[in-house]
1. Checking Ala287 against (1) in contact (Cβ under 8 Å) with a residue 60 or more places away in the chain; (2) surrounded by fewer than 23 Cβ atoms within 10 Å (Cβ to Cβ); (3) over 20 Å from Leu224 (Cα atoms): exactly one of these is not met. Which one?
2. Taking only pairs six or more apart or across chains, which ones have beta-carbon atoms under 8 Å, a first residue in the range 314-333 that is over 30 Å from Ala208 (Cα atoms), and a second residue that is outside any strand (DSSP E or B) and of a type in the set (Val, Ile, Thr)?
3. So for the range 59-79 (the condition being buried (at least 24 other Cβ atoms within 10 Å of the Cβ) and without any contact (Cβ under 8 Å) to a residue 60 or more places away in the chain), does at least one residue qualify?
4. Could you check the range 239-256 and list, in sequence order, the residues that are away from the ligand (no atom under 13 Å from the Cβ) and either modelled with pLDDT under 95 or acidic (Asp, Glu) (or both)?
5. Consider Lys382 against the criteria (1) free of Cβ contacts under 8 Å to residues at least 40 places away in the same chain; (2) in contact with a His (Cβ under 9 Å, 6 or more places away or on another chain): it satisfies all of them except one. Which criterion is unmet?
6. Out of all the residues in the range 24-63, which are part of a strand (DSSP E or B) and over 14 Å from the mean Cα position of the chain (by Cα)?
7. Could you tell me which residue of the range 140-167 is farthest from the ligand (Cβ to nearest atom), considering only residues that are in a loop (DSSP other than H, G, I, E, B) and within 21 Å of Leu297 (Cα to Cα)?
8. Can you find, within the range 345-379, the residue that is nearest to Gly285 (Cα to Cα) among those that are in contact with a strand residue (DSSP E or B) (Cβ under 9 Å, 6 or more places away or on another chain) and loosely packed, with under 12 Cβ neighbours inside 10 Å?
Amino acid sequence: MNIGVDRISFCTSNYFVDLKTLAHARSVDPDKYYVGIGQEKMGIPPPDEDVVTLAASAAYPLMRDGELGDVELLLFATETGIDQSKAAGIYVHGLLDMSPRCRTVELKQACYSGTAALQLAIGFVARNPQKKALVLSSDIARYELGSPGEATQGCGAVAMLVSANPRLVAIEPECGYYTEDVMDFWRPNYRSEALVDGKYSTMVYIHALLESWKQYADQTGRTLADFDRFCYHIPFTKMAEKAHQKLARKLKVEIGKDEMLALLEESLRYSRITGNCYTASMYVGLASLLDTAEEDLTGKRIGLYSYGSGCVGEFFSGVVQPGYREFLYADQHRNLLDNRTELTYQQYEDIYNYGVPTDAGEYVFPQYKTGPFRFSGISQHKREYESLVE
Ligand code: HMG
């Protein structure tokens, strides 16, 4: 029985900063961002958007299309947690009016937990083939103003329905995974911005890739030639390109720039203009690949490398299913990305500094442009959400 991704829907904020604007403010050559790290825009969430609203908005099309009826497991992957106790997924469960017969849990391991959630969901479906799981990955990447990581900020969420006989991508059972206790990127509970040892983090990302690949290759006997496309975790698009180059070099495979772009480029299109979405990043890449590839990908094998700092890496693979194009939300994604509002530098800094109040006061947040749900305020220490669905 095949198990895998049956539907995939992506959401990001309606606001972005062009990295040329940031480059100007930081007196940096814009090509450092556009070419050097391969990023053009970063998604910035307004005060009434958080990981709950992003995830609920990503999953909304599934609810609208009547896809959530058989879901009995909701896994919410994030490293932008909003509460130390209550799972963010429970708010989404309520906003989407899902059945009470559902297990709901939040998972954390930096950017990797979306993949942990997907693999756990696959295990659940293997045991309950008539049932489905909803995997939500949602994050807001935030670094200090003026820090090297600033240009890699972003935000977004991906909702994936996981089922038997999936209509999009069957996930293959073999995988290589790797854990090592390292301090390349972390965010202590008292901080709202990540701390990062940037250059070191890129080295650990690649080390975990080589270790994960080795296990995967030992299990399957596959070589790079057995793959038609690759999707990497995308903190910035250049990282994915560099990682693939390093893997090819390690395997003594000659790979030219054009050939590499043919394997990766479609998966990088959305991330280049949304920025890092942490747990969601690799799945934003998967949506980008499925939505934008001109070639029919039916039967093609995709190599997937997920990485979460701290660190855990995993290499696995999936095969695109016949008829997949009918079940994509490509037009909706394009529409969202094409209709965002550009922020000036000052607007960006004002939103950045707004923060979520922590003084136990009563707050009603100003209304910005969001998806179908918004974070409307705080009362008696409780977050309040509003549905804009008529
Ligand atoms: P930096 O050190 O300021 O940048 O920030 P740089 O000086 O290394 O420049 C970047 C590239 O731009 C270089 O290319 C420059 O040569 C080039 P490279 O040598 O690497 O090929 N460059 C230019 N190119 C064209 N025209 C120019 C120009 N100027 C320079 N004028 C750094 C880079 C990655 C350190 C920073 O962005 C950072 O700290 N980012 C955050 C950490 C990160 O994303 N790490 C990635 C791996 S870890 C990961 O993926 C996990 C993560 O998602 C978190 C999680 O798991 O939760 C982050």
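1. (2)
2. Close Cβ pairs (under 8 Å, with a partner that is outside any strand (DSSP E or B) and of a type in the set (Val, Ile, Thr)) amount to Pro322/Thr298; Gly323/Thr298; Tyr324/Thr298; Ala330/Thr292.
3. No, the range 59-79 has no match at all.
4. Glu254, Ile255, Gly256
5. All conditions pass for Lys382, except number (2).
6. The one that is part of a strand (DSSP E or B) and over 14 Å from the mean Cα position of the chain (by Cα): Lys41.
7. Residues of the range 140-167 that are in a loop (DSSP other than H, G, I, E, B), as a first pass: 142-147, 153, 165-167.
Subsequent filtering for residues that are within 21 Å of Leu297 (Cα to Cα) retains 165-167.
Values: Asn165: 32, Pro166: 26, Arg167: 29 Å.
Per the criteria, the residue is Asn165.
8. Val364
The values are calculated or read from the model by the stated rules, or taken from the named source; none is laboratory data. Quantities reported herein were computed from a predicted structural model and do not represent experimental measurements. Glycine also receives a Cβ, built like all others from the backbone with ideal geometry; neighbour counts cover every protein chain displayed.
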